[in-house]
Amino acid sequence: MGSAGLARLQGLFAVYKPPGLKWKHLRDTVELQLLKGLNAGKPPAPKQHVRFLLGPVEGSEEKELTLTATRVPTLIDHPLVRGLAFTSLKVGMGHRLDSQASGVLVLGVGHGRRLLTDMYNAHLTKDYTVRGLLGKATDDFCEDGRLVEKTTYDHVTREKLDRILAVIQGSHQKALVTYSNLDLQTQEAYEMAISGVIRPMNKSPMLITGIRCLQFAPPEFLLEVQCMHETQKQLRRLVHEIGLELKSTAVCAQVRRTRDGFFTLDDALLRTQWDLPNIQDAIQAAAPRVAAELEKSLRPWLGTQEPPGPGQPWDSKRPCSALGPESHVGH
């Protein structure tokens, strides 16, 4: 395997992060499995070198010794002498998920770590399914947090929820235009708006590009959220503030990412597939799509100011209201 296996580890791939697992532990697990796979291959045949060995002269009855040129294997590259061929491998992490959240998590190996930066610069949206529970509020907006308040929810209907979601989406779409620094009166901005590639130019709070209710069975409801520059805590807070707008309370029971840019659940490797062959195949399968999608996403923004890299947070430190970030952008 060795260097040939390492040559196929150049690109991006996605894994499915289960709830309760920290992203650092996931990354370390993937690194360990890749190193095991790279070191498990059959080592190459040892190199030969010529040595002059002392031995008896053939056909001589006397005990005469002579030096004979002999090819013998060199042990300098033997695993027991040199140790493991691969002892470290850096795996880059894309948009992170906290320990309570689950879903698609993108990682990069080799030049794929630079592609992760391109993903940040492309401002790609992500899809989540968020499950909420009406009737109670907690200190951290999670179902298992410390209970702060209990309320009734009999008056909450699907129609009322849909109206609140429509207000949220409209407010955030206005904010998206503001943060994009585009003049919508220009032809260029109009074409970008039609093609759906309007993106914020600089740091911004969470921006929701789409939100709808998938299921409504009080006290439970399930939302589908398309957004960017979010954190999972902000999505939980969103559920809490939706509950307040409905004249009730709500907590978040689940946050699950179903798409990160151009990677979906279908692309994500399950925990049993976090090994060298499966990851190599996933990288090779995704490579053409990654190149095409990044080129398409980055082309409209060439020459513009570059946003923060992977090590810098996108989200604003100011709280984001469920009704939208207008209060932050001067509306």
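The values are calculated or read from the model by the stated rules, or taken from the named source; none is laboratory data. Please read these numbers as outputs of a predicted model, since none were measured by experiment. Using ideal geometry, Cβ is built from the backbone for each residue, glycine included, and neighbour counts are taken over all protein chains shown. In case anyone asks, the SASA skips ligands and DNA or RNA and just uses the protein heavy atoms, side chains included. Shrake-Rupley method; radii C 1.70, N 1.55, O 1.52, S 1.80 Å.
Data overview
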item	result
Sequence of H25, H123 from largest to smallest accessible area, 1.4 Å probe	H25, H123
Residue-count net charge about K136 - beta-carbon cut-off 9 Å; Lys, Arg +1, Asp, Glu -1	-1
Computed P(r) (all Cα pairs; region 169-289; 5 Å bins; percent)	2, 8, 15, 17, 14, 14, 14, 10, 5, 2, 0
Unit charges at the beta carbon, dipole of region 125-260: most positive-side option, L222, A250, Y128	A250
Rounded Å value of the spacing that divides the Cα centres of region 145-173 and region 107-130	31
From phi via Karplus (6.51, -1.76, 1.60), per-residue ³J(HN,Hα) for region 63-77 in Hz, x at Gly/Pro	8, 9, 10, 8, 8, 10, 6, 9, 8, 9, x, 7, 9, 5, 9
Residue-level accessible surface for E191, protein heavy atoms, 1.4 Å, Å²	100
Solvent accessible area, Å² - K233, 1.4 Å probe, full protein context	130
Around R27: net Lys/Arg minus Asp/Glu count, Cβ-Cβ under 11 Å	+3
For I211, residues with placed amide H under 5 Å, excluding near neighbours	Q226
Residues of type lysines that K150 reaches as a straight line, Cα spacing below 29 Å, ignoring anything fewer than 8 places off in the same chain	K136, K160, K233, K247, K317
Rg over Rh [alpha-carbon atoms, Kirkwood Rh] for region 9-62	1.53
Residues of region 88-150: accessible area per residue with a 1.4 Å probe, Å²	39
For region 215-226, Karplus couplings with θ = phi - 60° (6.51, -1.76, 1.60), whole Hz, Gly/Pro x	9, 9, 9, x, x, 8, 8, 10, 10, 10, 10, 10
Accessible area, probe 1.4 Å, largest first, for residues I208, I76	I76, I208
Mean-position separation - Cα centroids, region 3-38 and region 40-100, in angstrom	29
Y16 - accessible surface, heavy atoms, 1.4 Å probe, Å² rounded to 10	50
5 angstrom amide H check on V148, placed H, neighbours 5+ away	A137, T138, D139
